[in-house]
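The values are calculated or read from the model by the stated rules, or taken from the named source; none is laboratory data. What you are looking at is a predicted structure, and each value in this text was computed from that prediction instead of being measured. As a convention, Cβ positions derive from the backbone with ideal geometry for all residues, glycine included, and neighbour counts pool all protein chains shown.
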Amino acid sequence: MDANAANSDLDLDLGTPSTIGWVASHVSAEFPGLGISWIELDGRPGRSPEPVERRLSETSNRFYGAHAIHMRERPIPWAYRVFFRQIGLDPDRTRTPVEQLALDRLQDGGFKTHGLPADALTIATVETGIALRSFDAERLNGALCIRDSAPGESLEGRPGELSQGTLVIADERRPVGLLFGATGEGRGVKRSTRRIAIAAIQVDGVPQIAVDEALWMVATTLRAA
Amino acid sequence: MPDLLDRETLTALRVGGDERLARAELRRQIGRLEAELGALFADAFPRVEIDAGVPAVSSEPRAMALGDLEAIRDSLVTRIGGARLQLQERAELETRNRELLDRMLAAPAEYKWLQISRTDVGEPGCGHWHSRPRLGPLGMLMGWWRVRVSSGCPLSGRLAAVEREIQGL
């Protein structure tokens with residue numbers, strides 16, 4: 001565990017305390033409010049149980065086109081859109097997680113089940129707007145952080161090196177995924193996963209309580225399964 | 001544009017000094033402009049389709065240089081200007097249509113067969129106003145024109161019936 005990582009002071013009972021990862025100081029200086037928190041849970045991927053599928057369906061029924069249109073006016077989705085602009089991405093092409101789910105919901109006619117833990121992340125993201133990622137916890141080496149890539153670094157499964165300065169989520173050894181992008185090969189949740197890490201990416205304007213709520217929702221959904 | 005760039009708090013920008021302050025200020029402006037564009041996008045729906053896209057500066061997430069942030073800020077300003085113009089033109093068209101509707105309601109015979117939808121006057125829903133003769137051909141011959149108001153959007157009952165049929169109930 002990195003010395004800069006700390007346990008979150010949660011009011012919500014996660015069962016497992018969330019851990020706040022570190023952000024490289026020069027990245028933090030450019031992007032105040034950027035942060036990463038995560039929890040680890042025992043669990044394996046699989047088909048979602050009936051209560052989770054029902055909740056997904058109920059969430060679909062409460063979500064209409066107007067929600068998608070007005071989403072960008074709500075504080076948390078707006079904060080992610082702004083952050084995407086600030087890091088050079090066009091949120092109308094590279095969608096923020098909650099907007100991508102909204103678009104999928106409109107195109108598919110509902111939030112389709114993709115099993116666990118994906119469904120738990122979908123429910124929590126739609127309800128809170130928080131960007132969540134899942135990793136195979138047993139393939140992570142130490143604390144998660146957000147930093148820029150160093151010269152010569154690459155992302156597993158992607159040809160070539162990362163261009164220097166690319167913002168990544170990394171463990172203590174190497175990048176495990178692009179910030180709001182691809183996950184390194186073998187670092188995501190797969191059939192053989194037995195312990196899951198759920199990470200929440202916080203940006204300026206997103207309150208910690210919303211991050212805690214998102215992690216709590218994922219934790220309770222996965223535990224109930 | 002000046003009203004978009006009004007500062008809530010003064011940020012000291014030093015020419016030739018630390019660019020970080022300038023980048024912070026540009027990021028703050030981008031935040032405000034994004035909110036402005038989001039509000040215009042929501043206001044316009046579903047009457048006008050606004051292109052809110054601003055070309056990505058990078059294919060991967062990274063801290064932007066000053067010039068890149070300026071380009072994003074300027075693109076957002078351009079988009080907002082375009083969106084405002086589109087909305088203004090649409091509002092003017094809707095005003096003209098409302099005036100036309102008023103005239104049609106006052107004198108239906110002068111606007112034979114004219115149909116104005118709720119969308120044309122900027123109102124939600126599927127209804128329309130239609131200048132038609134009373135009693136069909138007889139009304140046409142006699143000059144008995146009136147405005148019929150449609151009953152609005154189709155009911156969802158048929159969709160529910162189709163779903164039941166699909167489920168074999």
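Figures for the structure shown
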| read-out | value |
| --- | --- |
| Residue in the stretch B:8-23 that is among the basic types (K, R) and modelled with pLDDT under 85 present | yes |
| Options B:R132, B:R96; residue that is at pLDDT 90 or above and in a strand (DSSP E or B) | B:R132 |
| Candidate set: the stretch B:24-54, residues that are farther than 30 Å from A:L155 by Cα, within 9 Å of chain A (Cβ to nearest Cβ) and assigned to a loop (DSSP other than H, G, I, E, B); chosen: the one modelled with the lowest pLDDT | B:A52 |
| Residues of the stretch B:55-87 that turn out to be of a type in the set (G, A, S), more than 7 Å from chain A (Cβ to nearest Cβ) and within 16 Å of B:L37 (Cβ to Cβ), as a count | 5 |
| B:M64, sole failed condition from (1) under 30 Å from A:S149 (Cα atoms); (2) part of a helix (DSSP H, G or I) | (2) |
| Some residue of the stretch A:97-112 being buried (at least 16 other Cβ atoms within 10 Å of the Cβ), in contact with a Lys or Arg (Cβ under 7 Å, 6 or more places away or on another chain) and within 14 Å of chain B (Cβ to nearest Cβ) | no |
| Test for A:R81: is it away from every other protein chain (no Cβ under 14 Å) and modelled with pLDDT of 90 or more | no |
| Hits in the stretch A:126-150 - residues which are among the hydrophobic types (A, V, I, L, M, F, W, C), in a strand (DSSP E or B) and more than 22 Å from A:G33 (Cα to Cα) | A:F135 |
| Single residue of the stretch A:160-185 satisfying the filter (within 24 Å of A:T128 (Cα to Cα) and surrounded by fewer than 19 Cβ atoms within 10 Å (Cβ to Cβ)) that is nearest to the other protein chains (Cβ to nearest Cβ) | A:G181 |
| Single match in A:G188, A:G157, A:G152 (criterion: without any contact (Cβ under 8 Å) to a residue 24 or more places away in the chain and away from every other protein chain (no Cβ under 14 Å)) | A:G152 |
| The stretch A:21-74, subset among the aliphatic types (A, V, I, L, M) and within 26 Å of A:L106 (Cα to Cα), residue nearest to the other protein chains (Cβ to nearest Cβ) | A:I69 |
